1. Which members of the stretch 186-230 meet the condition of being more than 13 Å from the ligand (Cβ to nearest atom), assigned to a strand (DSSP E or B) and open to solvent by less than 20 Å² (accessible area, probe 1.4 Å)?
2. Under 6 Å by Cβ, and 6 or more places apart or on different chains, what pairs join a residue from the stretch 203-222 that is among the polar types (S, T, N, Q) with one that is open to solvent by 30 Å² or more (accessible area, probe 1.4 Å) and modelled with pLDDT of 95 or more?
3. Given the condition in a helix (DSSP H, G or I) and among the acidic types (Asp, Glu), answer yes or no: does some residue in the stretch 88-104 qualify?
4. Return the pair list, or none, for Cβ contacts closer than 6 Å from residues in the stretch 26-39 that are open to solvent by less than 10 Å² (accessible area, probe 1.4 Å) to residues that are among the aromatic types (Phe, Trp, Tyr), at least 6 apart or on different chains.
5. Of all residues in the stretch 109-123, which are closer than 17 Å to Val31 by Cα, among the charged types (D, E, K, R) and open to solvent by less than 40 Å² (accessible area, probe 1.4 Å)?
6. Output the residues belonging to the stretch 131-164 that are free of Cβ contacts under 8 Å to residues at least 40 places away in the same chain and under 21 Å from Glu230 (Cα atoms).
7. When only residues in the stretch 163-185 that are in a helix (DSSP H, G or I) and of a type in the set (D, E, K, R) count, which is farthest from the chain's Cα centre (by Cα)?
Amino acid sequence: MKVLIHDSAEAAVAAIANRIVEKVIAKPTCVLGLATGGTVEPVYDAMVQKYEQQKVSYSRIRTFNLDEYVGLSPDHPMSYHHFMEKHLFGRTDIKSENTSIPFGNAVNPNEEARRYEAAIKQCGGIDCQLLGIGENGHIGFNEPTSSLSSTVRIKTLAPETVRANSRYFKNIAEVPRLSITMGIGTILCAREIVLIAIGDNKSKAVLEMIEGPLSARCPASALQLHPHAEVYLDEVAASQLTLRDYYEAVHPNGKVES
Ligand code: PGA
């Protein structure tokens with residue numbers, strides 16, 4: 001795992017966005033795994049900016065999002081379909097027929113989960129998966145105690161996730177309790193993984209992910225098994241790491257060779 005510590009949130013965001021854009025330039029038909037959440041909003045802003053500056057075209061990429069709330073239709077304002085349209089898809093030349101997000105309003109959510117896993121495999125798998133991390137160490141909606149080899153399935157949100165995500169809803173009662181999410185096994189199949197964590201509230205999860213034991217207690221610790229995972233952090237999210245001198249010696253200022 002490459003641990004890349006940046007001196008500000010802005011620098012970490014710019015670095016991970018540049019990394020993704022580099023990958024699209026190197027392979028214009030690449031398959032990106034995408035995430036939602038407050039942390040990735042500025043990452044998408046930076047990717048849009050590169051498109052507007054004509055530094056990159058996303059017209060041939062394919063995308064698969066991590067997850068969606070069960071029960072929300074794509075046009076629901078709190079759905080992840082809506083989030084992606086607002087923050088990335090609707091602002092670039094990405095072709096909507098090349099984007100995939102699980103349908104939370106599918107009549108049979110279990111069948112939708114199986115379909116989604118098969119669709120990822122059918123297109124040759126994910127080249128680069130973007131991730132955030134929850135305060136409880138979740139990736140996607142894989143909450144603590146998720147199987148480390150799980151595939152796409154229905155997961156119940158942890159109470160702390162319901163609380164954290166309620167900031168986007170009118171009240172906590174409106175937050176869906178179920179999701180369709182890529183499994184940890186699905187995520188580990190991506191050829192490369194880039195994860196971003198910003199802020200003090202993520203520092204404990206970051207410590208457990210990078211230096212803690214490999215454990216379903218912290219789902220993100222499964223990234224320790226991945227041969228090509230990069231973690232982009234600001235100073236504060238990195239503040240509890242005990243081997244920080246080592247990470248900074250290997251990657252001064254979060255720099256990573258291309
Ligand atoms: P956040 O969500 O970026 O809104 O903190 C991250 C996550 O829960 O994976």
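The values are calculated or read from the model by the stated rules, or taken from the named source; none is laboratory data. The structure presented is a predicted model; accordingly, all values stated were derived computationally and were not measured. Methodologically, a virtual Cβ is constructed for each residue, glycine included, from the backbone with ideal geometry; neighbour enumeration extends over all protein chains shown. For accessibility, only protein heavy atoms count, side chains too; no ligands or nucleic acids. Shrake-Rupley method; radii C 1.70, N 1.55, O 1.52, S 1.80 Å.
1. Correct list: Ile193, Val194, Ala229, Glu230.
2. Pairs found: Ser203/Ser239; Ser203/Gln240; Ser221/Leu214; Ser221/Ser215.
3. Yes, some residue in the stretch 88-104 is in a helix (DSSP H, G or I) and among the acidic types (Asp, Glu).
4. Sorted first by the residue in the stretch 26-39, then by its partner, the pairs are Gly33/Phe64.
5. Step one: list which residues in the stretch 109-123 are closer than 17 Å to Val31 by Cα, which gives 116-123.
With the extra rule that they be among the charged types (D, E, K, R), the set shrinks to 117, 121.
Once the filter is applied, which keeps residues that are closer than 17 Å to Val31 by Cα, among the charged types (D, E, K, R) and open to solvent by less than 40 Å² (accessible area, probe 1.4 Å), the stretch 109-123 yields only Glu117.
6. Taking the stretch 131-164 and keeping what is free of Cβ contacts under 8 Å to residues at least 40 places away in the same chain, we get 149-151, 155-164.
Listed by number, the list holds a single entry, Ser149.
7. We begin by selecting, within the stretch 163-185, every residue in a helix (DSSP H, G or I); these are 163-168, 172-174, 184-185.
If we keep only those that are of a type in the set (D, E, K, R) as well, we get 163, 167, 174.
Working: Arg163: 19, Arg167: 19, Glu174: 23 Å.
Selected residue: Glu174.
Conditions tested, residue by residue: (1) open to solvent by 60 Å² or more (accessible area, probe 1.4 Å); (2) in a helix (DSSP H, G or I); (3) β-branched (Val, Ile, Thr); (4) away from the ligand (no atom under 16 Å from the Cβ).
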{"site": "Val56", "(1), (2), (3), (4)": "no, no, yes, yes"}
{"site": "Ser73", "(1), (2), (3), (4)": "no, no, no, yes"}
{"site": "Met84", "(1), (2), (3), (4)": "no, yes, no, no"}
{"site": "Val107", "(1), (2), (3), (4)": "yes, no, yes, yes"}
{"site": "Glu135", "(1), (2), (3), (4)": "yes, no, no, no"}
